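Scroll down for the structure; my scribbles are underneath it.
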Amino acid sequence: MNYGFAVIGLLLAGYLLHRGLSRYTLAEILASVRAIPIGNLGLAALFAAASYACLTGFDWLALHYVGKPLPYRQAALASFVSLSLGHSIGFAGLSSGAFRYRYYSRWGLTAGDVAKVVLFCGTTVGLGLMVLGAAALLLRPDIPASFARTSPGLVRAIGAACLGLAGLYIVLAAVLRRGLTIRGWTLEMPPLRLAVVQVALGTVNFACVAACLAATVAAASQASYLDVATAYVTGNVMTLLTHVPGGLGVIETAVMTLLPGTSLIGPLIAFRVIYFLLPLATGVCVFIAAEIVFKRSGARANGGRTHRLQQAHHRAQEPEGALRVE
């Protein structure tokens, strides 16, 4: 079933990309990319780095949530590799979960612990998207209303509901001590302080991603940050519904549909490269380097263990009272 969804997602991404790019010639696309000031690209890269720093904080908080805290450098390694690759592979919950298990199982976490880490991080993503989405829907309801062909009042109601759900999560964290049981599944709520940090960090993460996009879009559009954030949230929700890897073509379609601008294709390509492709390439390199280090350290550990066993064997074979020189 997952393979079927993946194929459908890739086909949809291909269709949306063709639809978005077919209206431009290659020369127009290159000119649109070159028109972006270097300063805007640098600012976008800064916000992208801030977002990935927030994402490493998701894992660090999650490890405290499951009661298996690790040094930040280990949480950051597992988080960056799993998410830089998972964002582009698609089905981020499953793909990033596989990478997380590869790392955390080496450091003493069980499969159940890793599942809780993935669930906590996914919840943090959802909470951050809800809060930023609520702000966008409440402050600029006209943009999604025109896209969905509905009334701004309904859009505001949805925004208020999203904000209410995030608030309810914090309330439950404050009052529930034994966990929340739904259809036989027990969800252990984090402590109140951890829940507040979780909501705040999730919101800051998405705010940084929207700022990354806004920095590139500013080269071709007068849209405000809030306008860009609204378009990005809309595209991200569509991505979650379609499971298109990295929102490829979905985010671009939402931005080009909802924001004014003569040629947004260059800024969108720059955003795609800065936030998805560069971290993907970096994540692959980090993954390979980490695997080499793990393999070498494992070989040294095995070699040392073999040497100690051999010494013990030789000692056992020596006659009693024999002179032993070490």
- Task: Work through the residues other than G86 whose Cβ is under 13 Å from its Cβ and net out their charges, Lys, Arg +1 and Asp, Glu -1.
- Result: +1
- Note on the structure: With label points set 7 Å from each Cα along the Cα-to-Cβ direction at D142 and A98, the distance between them in nm comes to 4.6 nm
- Take the eigenvalues of the Cα gyration tensor for region 82-164, scale each by 5, and report the square roots as semi-axes in whole Å, largest first. 36, 13, 8
- Find how much the distance from A35 to V175 grows on full extension, using 0.36 nm per residue of separation minus their present alpha carbon separation; answer in nm with one decimal. 45.1 nm
- Can you run phi through the Karplus equation (6.51, -1.76, 1.60; θ = phi - 60°) for region 130-137 and list ³J(HN,Hα) in whole Hz, with x for Gly and Pro? 5, 5, 5, x, 4, 4, 5, 5
- Item | Added length on full extension, which subtracts the Cα-Cα distance from 0.36 nm per residue, E291 to L194 | 31.7 nm
- Task: Subtracting the Cα-Cα distance from 0.36 nm times the residue separation, let me have the gained length for A111 to L165 in nm, one decimal.
- Result: 16.5 nm
- Item | Directionally averaged shadow of region 137-207, computed from the convex hull of its alpha-carbon atoms, nm² | 6.3 nm²
- How big is the equivalent ellipsoid of region 107-238 along its three axes, where each semi-axis is √(5λ) from the Cα gyration tensor, reported in whole Å from largest to smallest? 31, 18, 12
- Query: Under 5 Å between amide H atoms, partner at least 5 residues away or on a different chain: which partners does L187 have, H built in plane at 1.01 Å?
  - Reply: L180, T181, I182
- Task: For region 62-129, calculate the relative contact order in percent as a whole number, restricting contacts to Cα pairs under 8 Å that are 6 or more residues apart.
- Result: 35 percent
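Since every read-out is calculated from the coordinates, none of them should be taken as a lab result. Just so you know, these numbers come straight off a predicted model, no measurement behind them. Counting neighbours? That spans all protein chains shown, and the Cβs are built from the backbone with ideal geometry, glycine included.
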